[in-house]
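A short worksheet on the structure shown next.
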Amino acid sequence: MQLISKLPNVGTTIFTVMSALAKEHNAINLSQGFPDYPISSILIEEVNRAMQNGLNQYAPMAGLPELRDILSKKIQALYQTSINPDTEITITPGGTYAIYAALTTILQPKDEVIVLEPAYDSYIPNIITNGAIPICIPLKYPDYSIDWKAVEQAITSHTKAIIVNTPHNPTGYVWTVEDIHHLDRIANQYDLFVISDEVYEHITLDGRVHESILKYPSLLKRSFVIFSFGKVFHTTGWKMGYCVAPSDLSTEFRKIHQFLCFTCNTPMQVGLAKFLEHEHEYLQLPAFFQQKRDLFLDLIKDLPFTLHQKSQGSYFQMLGYDQISSLPDKEFAIWLTKEYGVASIPVSAFNHNGKDDKLIRFCFAKKDETLIAAAEKLKRLQ
C-alpha cells in the first residue's frame with residue numbers, strides 16, 4: 001500500500017524542535033508558550049475533589065452543563081452578550097482542536113480561507129487537510145497591523161472564511177475597534193465565515209481592551225469564537241478549551257466534535273466550573289503579565305536587540321537581532337540556544353513562505369527568576 005500524505009511538506013513543528021534543543025543543551029526555554037510557575041492550588045483541589053467524588057466517567061458531548069452555564073455568565077459580564085449555554089457553547093480538548101473542528105465544519109475542497117501572517121502554525125495545515133486553500137495576507141511590518149485593503153482585494157468567489165487572532169501570536173498585536181469594523185463590513189459584504197482565535201483574551205497590556213467578536217452581533221452570527229482554559233489558568237498541558245458559536249453553527253460543529261473526541265476530561269471540567277467562580281483569577285491577568293513583560297524588557301534593555309514595539313497582548317515579545325547577526329532567523333535561534341543557553345522561536349516559522357524579518361519570539365510567561373537567569377545568559381551578547 002502507498003500512503004499519500006495530506007501534509008507532504010510538513011515536518012516536526014518548530015516548537016517541538018526548539019524545546020528539544022533547549023533540553024539537549026540545558027538552555028532556558030523561552031521558546032514554547034507554556035508557563036513554568038505553579039497553577040492555583042485551589043484549582044488542583046477542585047479537580048482532585050471531583051476525582052475523589054467519583055466524577056471520572058464521560059461528560060455530556062457538549063460539555064458539563066455547570067461549566068457551560070458559568071461560561072455563559074462570564075461572557076455576559078465581560079461582553080454584554082447573551083449566549084445560550086445549551087446550544088452555543090461546546091467544551092473542547094484545547095483551542096487548537098477547536099480551530100481544526102471549526103474549519104472542518106465549514107470547509108469543502110477548493111474553498112479559500114484568508115490567513116493573516118505571521119500566523120499560529122496550525123491554521124494552514126488545518127485548511128490544507130480539509131482540501132481547502134489558504135490565502136495568506138502579510139501583516140504590515142514592523143507593527144504588524146492589518147492591511148485591510150489587501151484583505152479585501154484577496155477575496156474571490158471561492159473565499160469561504162477568514163481566520164483571525166487577537167491578541168496575536170506571535171506579534172503581540174491587539175485588535176482595535178477600527179479593525180473589528182473593517183472585519184464586520186467585509187465578512188458581511190462577502191458572506192464569509194469567521195474563525196476567531198481569542199485564546200489570549202485576558203492578556204492585554206498597557207490598558208488595552210480585548211475586542212472580542214462576542215461583543216458584535218453582526219459578526220457573531222457568522223463566527224466560531226475559540227478560547228483556551230490553558231492560557232487563562234496556566235494549564236497548557238490539560239488541553240482544555242471551548243468554542244462559542246450560534247446554535248446553527250454549533251449544531252454542525254458538534255457533529256464533527258462527537259466523532260473526533262466525543263467529550264472532554266470530566267474532573268477537569270468540574271474543577272474549572274468551580275474555579276471560574278473566582279473572577280479575580282482571570283481579571284488580574286493583564287497586570288500579572290504586564291509585570292512580566294516589563295521585567296523582561298528592562299532586563300534586556302542594554303542588549304543589542306531591536307525592539308520595534310512592546311507586546312500589546314499575549315505572553316510573547318518579538319525582538320530583532322539585526323545588530324547581532326546576519327544569520328537567517330532559524331539559524332540564529334539555534335545558535336543562540338547552543339552558544340548562549342536561551343531558546344526562542346524564529347518568526348519565519350509563522351510564515352508559510354518562510355519570510356524572514358530577522359525576528360525571534362520570546363515567551364515571558366515564566367517565573368521572574370527564570371527571566372532573570374535568561375537575561376544573565378544573554379548579557380554576553382554585549
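Just so you know, all these numbers are worked out from the coordinates, no wet-lab data involved. Just so we're clear, the structure is a prediction, and the values are computed from it rather than from any experiment. Quick reminder, even Gly has a Cβ in these numbers, built from the backbone with ideal geometry, and neighbours come from all protein chains shown.
Annotations
- Among Gly95, Thr81, Ile334 the positive-end extreme of the charge dipole of the chain (Cβ point charges): Ile334
- Dividing the mean sequence gap of close Cα pairs (under 8 Å, 6+ apart) by how many residues region 72-174 holds gives a relative contact order of 25 percent.
- Rounded FRET efficiency, nearest 0.05, which uses the C-beta distance separating Met1 from Tyr141 and R0 of 41 Å: 0.35
- Over 17 Å [Cα-Cα, region 71-111], rounded percent: 50 percent
- Farthest positive-ward along the chain dipole, Cα basis, beta-carbon charges - from Asn165, Pro217, Val10: Val10
- Cα shape, region 1-132, gyration tensor, a/c 1.5 rule: oblate
- At an R0 of 25 angstrom, the distance between the Cβ atoms of Ser218 and Gln108 translates into a FRET efficiency of 0.55.
- Contact order normalised by residue count of the chain, Cα under 8 Å, 6+ apart, percent: 25 percent
- Here the label points at Phe288 and Asn9, each 7 Å from Cα along the C-beta direction, are separated by 3.9 nm in the simple model.
- Dipole moment magnitude, nearest 20 debye, the chain about Cα centre, only Lys, Arg, Asp, Glu C-beta charged: 480 debye
- Nitroxide proxy distance, nm - points 7 Å out along Cα→Cβ at Leu327 and Gln189: 4.6 nm
- Among the chymotrypsin sites (Phe, Trp or Tyr not before Pro) found in region 151-207, not one is both in a DSSP coil and sparsely packed, with 10 or fewer other Cβ atoms within 10 Å of its Cβ.
- Loop-exposed trypsin sites (Lys or Arg not before Pro) per DSSP, neighbour cap 16 Cβ within 10 angstrom, longest uninterrupted part of the chain: 7-109
- Positive minus negative residues near Phe275 (Lys, Arg vs Asp, Glu; Cβ under 15 Å): -1
- Selected from Asn130, Asn48, Asn29 as most flexible by GNM, with the chain as the system and alpha-carbon contacts under 10 Å: Asn48
- Over all orientations, the chain has a Cα convex hull whose mean projected area works out to 19.5 square nanometres.
- In percent, rounded to a whole number, the relative contact order of region 135-200 is 37, using alpha-carbon pairs under 8 Å and six or more apart.
- Net charge over other residues, Cβ less than 12 angstrom from the Cβ of Asp356 (K, R count +1; D, E count -1): -1
- 15 Å reach of a label modelled at Thr176, 7 Å along Cα-to-Cβ, counting backbone N of region 122-161: 140-149
- The chain - mean residue ellipticity at 222 nm from DSSP helices (-39,500 (n - 2.57) per run, n ≥ 4, rounded to 500): -11500 deg cm²/dmol
- Listed by chain and number, the aspartates and glutamates placed with their C-alpha closer than 12 angstrom to that of Lys215 are Asp184; residues fewer than eight positions away on the same chain are left out.
- Estimated translational diffusion coefficient (Stokes-Einstein, Kirkwood radius over Cα pairs, 4 °C, 1.567 mPa s) of region 58-278: 74 µm² per second.
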